[in-house]
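Every number here is computed from the coordinates shown, using simple stated rules; none is lab data. Keep in mind that what you see is a predicted model, and the values were worked out from it rather than measured. In this analysis, Cβ positions are derived from the backbone assuming ideal geometry, glycine residues included, and neighbour counts consider all displayed protein chains.
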Amino acid sequence: MRTKYSIKNFILQFITNIISIIFLFVSQTLLIKLLGVEYNGLNGLFTNIIILLNLLELGIGSSITYNLYKHIKNNDTDIIKSIMYFYKKAYYIISFVVLLVGLSFLPILKFIVKDVSVDINIYIVYILFVTATVATYILSYKRNIIIADQKNYLINIIQIINIIIVNLFQVLILWFTKNYYLFLIIKIICILLENLIINFKASRMYPYLKEKDIKPLNPEIKESIISRVKALILHKVSWSVTNGTDNILISAFLGIKTVGLYTCYNYIISSVKKIFGNIIQTSTSSIGNLLVENDYEKNYLAFKRIHLLNFWIAVTTSTCLLLITEPFITLWIGKKYLLDFSVLIVLVLCYFQSIMRSTYIAFKDAAGIWVEDKYVPLVQLTINLIASIILLKIFGLIGVFMGTFISHLVVWFYSYPVFIYHKLFNRSIKKYYGEVLLNLGVFLIVIGITYLINLYTINIITTIIISFLIPNLLLIIIYNRSSEFKYYLQLLLKIIKKK
């Protein structure tokens, strides 16, 4: 049943991401073509600030989902009702706090947004971004019980419909009115509608959530939630600052136009990450269901299978990004929007390590491992800020991303081997380092060989074929005898046979 839910969640998540990216591509193209690169820069900058605001959620959603796994499996409806009521109250408070903190940034916007020549009120635009963020928390708390019950695919179906509607309206607004304010307002309306529909769906699936006889939350469960939230605060702060400050630093030191150029690259990379990075995350609820059994061997077997899929995706997509990004941007919006190739190399390295973290994050979140390494994010955050600023002044734009890449090494060298590999699988840390180095070696060999072969291509079509075909052929040659590869081959044959 876990495999069945994982496959369903994966398929629907994949479709959701593809549709989202297609529509986002059209709207972003129109945004650049009709309004200009500075609007694109503002979009990227304010999105980064919103990432920082989202840390105010404190990780309550993740902590609640973790505490629901066991009780959903045991059908403890009274406890589930108590947890969800606690969650509801927490999200009302968070919505209000996000609004207040978001608005408190208004006086310092002029110091962050540099060299803006567009005829638009950046304060109104920012307020609309904050409103959209607050809207994501209103009536959204019930979606977590669906996720914890391994039925993410139901949420994805609603999201697909919402994505089509919001993007169609945004494209029409840009095309006929060129009004950026309306472009943002339609998004807020559709966020609220999506939450309302998911809320209604959850109430139909779990009718006991509408019952009024809600008991006070068990002190032990409440303490579990609070202790994990305290630890998650540090993780959220680190993640938000590490991922949300790049555009702010670029804007403050290099100007909003440079943010606009980088945003084109970031759109492509984040789109690929959205499609493939979330594939592994869809298995988190199934992993959580598995970890309840406390079986080291079964845990490690599941990890190896998911990790091979994760690695395969990371190598193939990283290679495609390195070879296709520049030709794509040239065809898409023109050669004048290209950055130096060295910037792309570092961005691809950052992307590869980020995608490779997916399996570890899925197991970490499913196991609720946040308290054990709660101080690691502070170290990561400090390294990121210091390294990014110093390297930015030395190397320019590329230095920002070099700092981000260096800061992520903390989790690879410490958190993952100690708190996941050893704790959940009872395996040697030495073996972990061996596996990581082996993966890195295979990645560099595959991407290096493909890059050299691509030097002899004559057009983008040939490049696309080579960047996809060569990595997959090399990976099949390397891994075709592994038990993990055979598992996926048998699974594929089984699905084909059923069809």
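Please give the contour-minus-distance gain from I127 to M205: 0.36 nm per residue of separation, less the Cα-Cα distance, rounded to one decimal in nm.
Values: separation 78, 0.36 × 78 = 28.08 nm, distance 3.55 nm.
24.5 nm is the gain from fully extending I127 to M205.
Full-extension gain between I189 and I15, please, as 0.36 nm times their residue separation minus the C-alpha to C-alpha distance.
Working: separation 174, 0.36 × 174 = 62.64 nm, distance 2.29 nm.
Fully extending the segment from I189 to I15 adds 60.3 nm.
In percent, how large is the relative contact order of the chain, given Cα pairs closer than 8 Å and 6 or more residues apart?
Numbers: 578 pairs, mean separation 102.8, N = 499.
Once divided by the residue count of the chain, the mean separation gives 21 percent.
So if R0 is 45 Å, what FRET efficiency would V371 and L491 give, r being the distance between their Cβ atoms, rounded to the nearest 0.05? Don't jump to the answer; show the numbers that get you there.
Details: r = 35 Å, r/R0 = 0.79.
FRET efficiency, V371 to L491: 0.80.
Is the shape of the chain rounded, prolate or oblate, going by the alpha carbon gyration tensor and its root eigenvalues a ≥ b ≥ c, with a/c under 1.5 for rounded and a/b larger than b/c for prolate? Please list the in-between numbers first.
On the way: a/c = 1.45, a/b = 1.08, b/c = 1.35.
In terms of gyration-tensor shape, rounded.
Starting from the Cα of V436, step 7 Å along the direction of its Cβ; do the same at I345; then give the gap between the two resulting points in nm.
Here the answer is 2.3 nm between the modelled labels.
What spacing in nm lies between the two simple spin-label points modelled at I386 and F96, each 7 Å away from Cα in the Cβ direction?
Distance between the two pseudo-spin positions: 3.9 nm.
Rounded, prolate or oblate: which fits segment 365-452 when a ≥ b ≥ c are the square roots of the eigenvalues of the alpha-carbon gyration tensor, with rounded for a/c under 1.5 and prolate only if a/b beats b/c?
Details: a/c = 3.06, a/b = 1.19, b/c = 2.56.
Verdict is oblate for segment 365-452.
Set the Förster radius R0 to 25 Å, insert the Cβ-Cβ distance between I120 and L172 as r into 1/(1 + (r/R0)^6), and round the FRET efficiency to 0.05. If you can, show how the numbers build up before the last one.
On the way: r = 20 Å, r/R0 = 0.79.
So the FRET efficiency works out to roughly 0.80.
Work out from phi, with θ = phi - 60° and the Karplus expression 6.51 cos²θ - 1.76 cosθ + 1.60, the ³J(HN,Hα) of each residue of segment 180-188, listed in order in whole Hz, and give x for Gly and Pro.
5, 5, 5, 4, 7, 5, 4, 5, 4
In whole Å, how far is the Cα centre of segment 335-387 from that of segment 179-229?
Result: 29 Å between the Cα centres.
Give me the number: length gained by fully extending K336 to T47, i.e. 0.36 nm times residue separation minus the C-alpha to C-alpha distance, one decimal in nm. Don't skip to the answer; put the middle values down first.
Details: separation 289, 0.36 × 289 = 104.04 nm, distance 2.38 nm.
Extra length from K336 to T47 when fully extended: 101.7 nm.
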